[in-house]
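The values are calculated or read from the model by the stated rules, or taken from the named source; none is laboratory data. Remember, predicted model here, so these are calculated numbers, not experimental data. All Cβ positions, glycine included, derive from the backbone under ideal geometry; neighbour counts span all protein chains shown.
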């Protein structure tokens, strides 16, 4: 679990894949109540973009948990988009979801 939404704070990173398929994925998560929000960006979109930040702002205003991450080669994640294996986006979303679920607040 990590919490990295404070202004100017760096993202947390998780490594997904093995050997030559390993990628460093940047994740930002905030604690809050449920149901939480999980940002899935589009191609060439990133977690610091207008829509992702608007979602994060809404979550903060309504005390909701929120997880955002960047796909390989996008935003703050390492690698290049063309080097990600086929189907990697769905696998990474699942890994980001299970690795970064923020703690719920009462």
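Numbers below:
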| item | result |
| --- | --- |
| The stretch 50-82 - residue that is under 16 Å from residue 21 (Cα atoms) and part of a helix (DSSP H, G or I) and, of those, farthest from the chain's Cα centre (by Cα) | 82 |
| Residue under evaluation residue 73, criteria (1) at pLDDT 60 or above; (2) at negative phi; (3) in contact with a helix residue (DSSP H, G or I) (Cβ under 8 Å, 6 or more places away or on another chain), criterion not met | (2) |
| Considering residues of the stretch 34-45 that are within 14 Å of residue 76 (Cβ to Cβ) and touching a helix residue (DSSP H, G or I) at 6+ places or on another chain (Cβ under 7 Å) only, the residue modelled with the highest pLDDT | 39 |
